[in-house]
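What follows is a single structure, written as structure tokens, with notes after it.
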Amino acid sequence: MVERNHPALKIENLHKSFAGLEVLRGVSLEARRGDVISVIGSSGSGKSTLLRCINLLERPDQGRITIDGEELRLKPSRKGGLQPVDRRQLERLRTGLGMVFQSFNLWAHRTVIENLIEAPVHVQGVARREAIEKAEAMLAKVGLSEKRDAYPAFLSGGQQQRAAIARALCMDPAVMLFDEPTSALDPELVGEVLKVIRDLAEEGRTMLLVTHEMAFARDVSSQVIFLDKGEIAEQGSPQQIFDAPQTERARAFTSGFA
Ligand code: ADP
Ligand code: MG
């Protein structure tokens with residue numbers, strides 16, 4: 001049942017192992033509407049696996065995932081791990097998650113506008129004209145109107161990443177998931193992408209953001225999660241995590257950035 005005033009995203013007790021290696025060891029989190037939750041932690045701590053389990057790009061071994069008040073129905077699969085009970089429910093719930101990866105993942109053989117309308121038209125069944133209108137508005141939001149008809153190869157990395165963000169926004173996601181959206185960019189292009197993410201935060205978008213940009217995380221987040229070896233070692237306001245970490249590991253991790 002869909003509760004009133006439900007969180008945009010609720011994760012309960014997520015577990016995931018790869019060939020005996022426990023990568024997520026019971027992760028729970030809740031994002032209320034408008035929350036910007038940054039996930040920080042060392043390389044290999046399970047940040048990407050967490051995001052990939054949330055949209056079932058990886059099958060969790062255990063746990064519950066509720067998106068915009070609707071729980072994703074999962075059942076044990078014979079290969080191990082959990083699988084969706086109903087593929088159509090999974091596809092529908094996935095449209096509520098706007099995923100932006102480290103690499104830009106645009107279709108190379110389609111123009112920017114075609115990239116943006118693909119899922120609305122073919123997955124959500126939105127009329128083409130309506131999808132184009134929405135896509136144009138999202139391109140304007142990320143400052144890319146003039147690249148409407150360009151192919152991705154003619155865009156800089158920063159422009160490609162902004163197009164990827166606009167594409168995710170076209171689905172009206174309840175939550176945006178970002179996995180190190182600036183880590184593949186040349187340093188001079190990082191700022192333009194962070195600016196777009198900051199604008200989204202200010203406009204009240206709910207976001208779960210994996211990032212190594214500590215100053216940025218500190219600035220835009222309502223909450224910071226420090227993931228350590230697949231567990232939430234510490235969680236709190238940016239001030240708590242960066243200025244007064246309670247655990248030795250969080251202290252060691254954030255000390256270079258504060
Ligand atoms: P992070 O994003 O925090 O750097 P990851 O979630 O990518 O960490 O990885 C966590 C651990 O899980 C690492 O030890 C990584 O090698 C392992 N891992 C991730 N994906 C796979 C996979 N598909 N198969 C086997 N091991 C994996
Ligand atoms: Mg990662």
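The values are calculated or read from the model by the stated rules, or taken from the named source; none is laboratory data. Nothing here was measured: the structure is a model prediction, and the numbers come from that model. Cβ coordinates were reconstructed from backbone atoms using ideal geometry, including for glycine residues, and neighbour counts include every protein chain displayed. Areas reflect the complete protein model, heavy atoms only, side chains present, ligands, DNA and RNA absent. Shrake-Rupley method; radii C 1.70, N 1.55, O 1.52, S 1.80 Å.
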query = What number of residues in segment 185-210 are touching a Ser or Thr at 6+ places or on another chain (Cβ under 6 Å) and under 20 Å from Gly41 (Cβ atoms)?
reply = 2
task = Write out, first by first residue and then by second, each pair whose Cβ atoms fall under 9 Å of each other, whose residues are 6+ apart or on separate chains, and whose first residue, in segment 41-56, is within 13 Å of Gly98 (Cα to Cα) while the second is of a type in the set (Asp, Glu) and more than 9 Å from ligand 2 (Cβ to nearest atom).
result = Arg52/Glu58
ask   = Where residues in segment 137-153 are open to solvent by 70 Å² or more (accessible area, probe 1.4 Å) and either of a type in the set (Asp, Glu) or part of a helix (DSSP H, G or I) (or both), which of them is farthest from Glu192 (Cα to Cα)?
value = Asp149
query = Which ones in segment 209-258 are of a type in the set (A, V, I, L, M), more than 16 Å from the chain's Cα centre (by Cα) and within 21 Å of His15 (Cβ to Cβ)?
reply = Ile232, Ala233
task = Go through (1) open to solvent by less than 50 Å² (accessible area, probe 1.4 Å); (2) closer than 18 Å to Val142 by Cβ and name the single condition Ile241 misses.
result = (2)
inquiry  = Going by what's in this entry, would Ala201 be described as small (Gly, Ala, Ser), open to solvent by less than 10 Å² (accessible area, probe 1.4 Å) and modelled with pLDDT of 95 or more?
reply    = no
task = Select from segment 41-69 the residues that are closer than 16 Å to Glu30 by Cα and more than 13 Å from ligand 1 (Cβ to nearest atom) and write down the one among them that is surrounded by the most Cβ atoms within 10 Å (Cβ to Cβ).
result = Ile67
task = State whether one or more residues within segment 88-99 are in contact (Cβ under 8 Å) with a residue 60 or more places away in the chain and more than 14 Å from the chain's Cα centre (by Cα).
result = no
task = Collect the residues in segment 116-131 that are among the β-branched types (Val, Ile, Thr), under 20 Å from Asn105 (Cα atoms) and buried (at least 16 other Cβ atoms within 10 Å of the Cβ), keeping them in residue-number order.
result = Ile117, Val121
query = From the set of residues in segment 166-201 that are under 23 Å from Arg32 (Cα atoms) and in a loop (DSSP other than H, G, I, E, B), which is nearest to ligand 2 (Cβ to nearest atom)?
reply = Glu180
query = From the list Glu30, Glu22, which one is in a strand (DSSP E or B), within 12 Å of ligand 1 (Cβ to nearest atom), under 28 Å from Pro245 (Cα atoms) and open to solvent by 40 Å² or more (accessible area, probe 1.4 Å)?
reply = Glu22
ask   = If you take the residues in segment 80-100 that are under 15 Å from Gln62 (Cβ atoms) and open to solvent by 30 Å² or more (accessible area, probe 1.4 Å), which one is modelled with the highest pLDDT?
value = Gln83
